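What follows is one structure encoded as structure tokens, with my remarks underneath.
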Amino acid sequence: MDPGRWMRDARRRLARLPSLRMVRVPDAPALPVRDPWPGDPLRGANLLKGELELAGTVALLRPGGFAELAGSEPLRAYAHGFTWLRDLRALGSDPARLRARALVQEWTEGAGETPIAQRPDVTGARIAAWLGHYDFFAASADDTFRQRLMARLVADARALAAALPTEELDARALTTLKGLIAAAVALPEHAAFLTRALRVLPQEIGRQVLPDGCHVERSPAQMLASLQDLTEIRALLQSAQAQVPLALSSAIERMAPALRALRHGDGGLALFNGSKEESGTATDLALAQAGRGGRPPSALNDGGFQRLQAGRSVLIVDCGIPAAPKLDRFAHAGTLAFELSIGRERLIVNVGAAPAAGTEWRDATRATAAHSTLVIADTSSSELRPVGLGRRPEVVEVQRQEANGAHWLEASHDGYRRPFGAIHRRRLYVSESGEDIRGEDAVEAATPQPYAVRFHLHPTVDVSVQQDGEAVLLRLPSGGGWRLRAEGARLTLEESIYLGGVAPRRTEQIVLTGYQDGPQHVKWAITKVG
């Protein structure tokens, strides 16, 4: 076992032992902690029926059911983290309050004594959730319930302080710190909690937030979650009248415009690296809390994303090397994939994500074929592993030019170099009006390779193949028409699925299949009709 990990585990076990000193457990939080994010009353209603939902995957969670909780690790971590309390709060009814109280009571009476429940990020999420919803489920409870709750909060906070710095190098470390800072604010007699957290926070921010504001995991969803955690931490420090570290203020200021660059016109997130659309309202609120407006940047060079915006068209491209090992838990094999939206309507998409589903579904959504890019021999450009990636692109080159409102982008990656000795090159052009989008995909290899270029369509798009079989007509819900035409490949329509929203939806994809005995490149164009 890693010596550092052994020491952290030992400190956490010791921290959970009863103190030799008489430590008074407070009757209630000394200062209020507010959970600032809206809940979903529909998910709250489902919780009353015993159904816990995360990213489209459902587990049963009824009173008495914590011990039998089944599902993937992310789903079980979510259950033990209690952030779903905001969904019951959104209902605001007495049955919702009593259900929340019953589940918390079951947990404190021993249902939470599992390894995943003791993980630092899960503990941090739970502390923040319990304190942020204290008035909702605990303030009117009996003395026994509140004493048990407060005793567990103190014990968990001591364990968190002992666990720092955490083993996790990704966004989960920020959630851990948020929980400890929330405990420090609510329990001011434990001043050491805040001292410990503020010692670690700046170095954690420096490791996770890139100079351009992107999060190091290269996932729009994780960027949103991290921005939420950091704005909560800032609000907690302000409520305690503690000094806000410069690193924290600077990170929030950089992350807000970067997050805007990864939104489509409908307000939802681009579907890269484990992301779903997320609620546009929640994203708006996070950006409002961050307090930084302005036009989104066109290039996120550190994070590896390019935004080509002209007229009503927004094209977002993944032009980066996948996240490094230990930071790639949500990484997809989607290098050089793009998404296209027109106004508030999505046209070309990636399939999306199922981060809380079983392995088969997760791997299917992570594969290159689930992204709008080129695939060689039905092989992903990065090797998918149960956690993270194995083989992956090592060199991704990008050149961009702009003139008179038009955009040119040239990019390449070497993810297929080891299996096939091949390089994928992609060229994109967006006209000043945004109504003429052209592309060229090429395979550079010593021997010809079988390849296909895929364009996954949003499920609201109506698609029909034109009579010559060399083009398709795409109709948006608003009635706007677009035509995709290709040269140098066979054009077909295939089934697809969309996992970017709340529930899975059937859709279609346009597939350009290259001729193995012909040129190893295909040209295509997407142009407005009428």
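For the stretch 409-530, what is the per residue volume of the convex hull drawn over the alpha-carbon atoms, in cubic angstrom? Please report the intermediate quantities before stating the final value.
Details: hull volume 16.1 nm³, N = 122.
Expressed per residue, the convex hull around the Cα atoms of the stretch 409-530 is 132 Å³.
Evaluating 6.51 cos²θ - 1.76 cosθ + 1.60 at θ = phi - 60° for every residue in the stretch 184-200, the Karplus couplings come out as 4, 6, 6, 10, x, 5, 9, 4, 5, 4, 5, 4, 5, 5, 6, 6, 8 Hz, glycine and proline recorded as x.
Computed over the stretch 246-339, the Cα gyration tensor eigenvalues convert (square root of 5λ each) into semi-axes of 20, 18, 13 Å, ordered from largest to smallest. In the chain, the longest principal axis of the Cα atoms and the axis of helix 280-290 are about 60 degrees apart. Couplings 3J(HN,Hα) of the stretch 309-314, computed from phi: 10, 8, x, 9, 9, 10 Hz, in residue order, whole Hz [Karplus 6.51 cos²θ - 1.76 cosθ + 1.60, θ = phi - 60°; x for Gly and Pro].
Suppose the chain between Asp468 and Asn404 were pulled fully straight at 0.36 nm per residue; how much longer would it get relative to their current alpha carbon spacing? Write down the numbers at each step before the final one.
Details: separation 64, 0.36 × 64 = 23.04 nm, distance 3.46 nm.
Result for the pair: 19.6 nm of gain on full extension.
Using the Cβ of Pro322 as centre and a radius below 11 Å, the other residues enclosed give a net charge of -1, where K and R count +1 and D and E count -1.
Quick one: compute a quarter of the convex hull surface over the Cα atoms of the chain and quote it in nm². List each step's numbers first, then the result.
On the way: hull surface 101.2 nm².
Taking a quarter of the hull surface, the average projection is 25.3 nm².
Grouping the Cα pair distances of the stretch 411-466 into 10 Å bins from zero gives a pair-distance distribution of 18, 37, 29, 16, 0 percent in increasing distance order. A P(r) calculated from all alpha carbon pairs of the stretch 351-423, with 5 Å bins opening at zero, reads 3, 14, 20, 20, 16, 12, 8, 5, 2, 0 percent. Global size of the stretch 27-167: 14.1, 40 Å for Rg and Dmax (C-alpha atoms, Rg to one decimal, Dmax whole).
Both radii come from the Cα set of the stretch 305-529: Rg as radius of gyration, Rh as Kirkwood radius; their ratio Rg/Rh reads 0.94.
Excluding His521 itself, what net charge comes from residues whose Cβ is under 11 Å from its Cβ, given Lys and Arg +1 and Asp and Glu -1? Walk me through the intermediate numbers first.
On the way: positive: Arg425, Arg426, Arg427, Lys523; negative: Glu440, Asp441, Glu444, Glu487.
It works out to a net charge of 0.
Other residues lying with their Cβ under 15 Å from the Cβ of Gln105 contribute a combined charge of +3, Lys and Arg counting +1, Asp and Glu -1.
Size of the stretch 132-286: Rg and Dmax of its alpha carbons, in Å, are 16.8, 50.
Taking a quarter of the surface of the Cα convex hull of the stretch 453-514 gives a mean projected area of 4.4 nm².
Rg and Dmax, both from the Cα atoms of the stretch 290-362 and both in Å, are 14.6, 41. The phi torsions of the stretch 497-513, fed into the Karplus equation with coefficients 6.51, -1.76 and 1.60 and a -60° offset, translate into couplings of 9, 10, 10, x, x, 6, 10, x, 9, 6, 8, 10, 9, 8, 10, 9, 9 Hz, rounded to whole numbers, with Gly and Pro shown as x.
Laboratory data are not the source of any read-out in this text; all were calculated from the coordinates shown. Quick caveat, the model's predicted, so the values are computed rather than measured. A quick note on method: Cβ atoms are made from the backbone with ideal geometry, for glycine too, and the neighbour counts reach across all protein chains shown.
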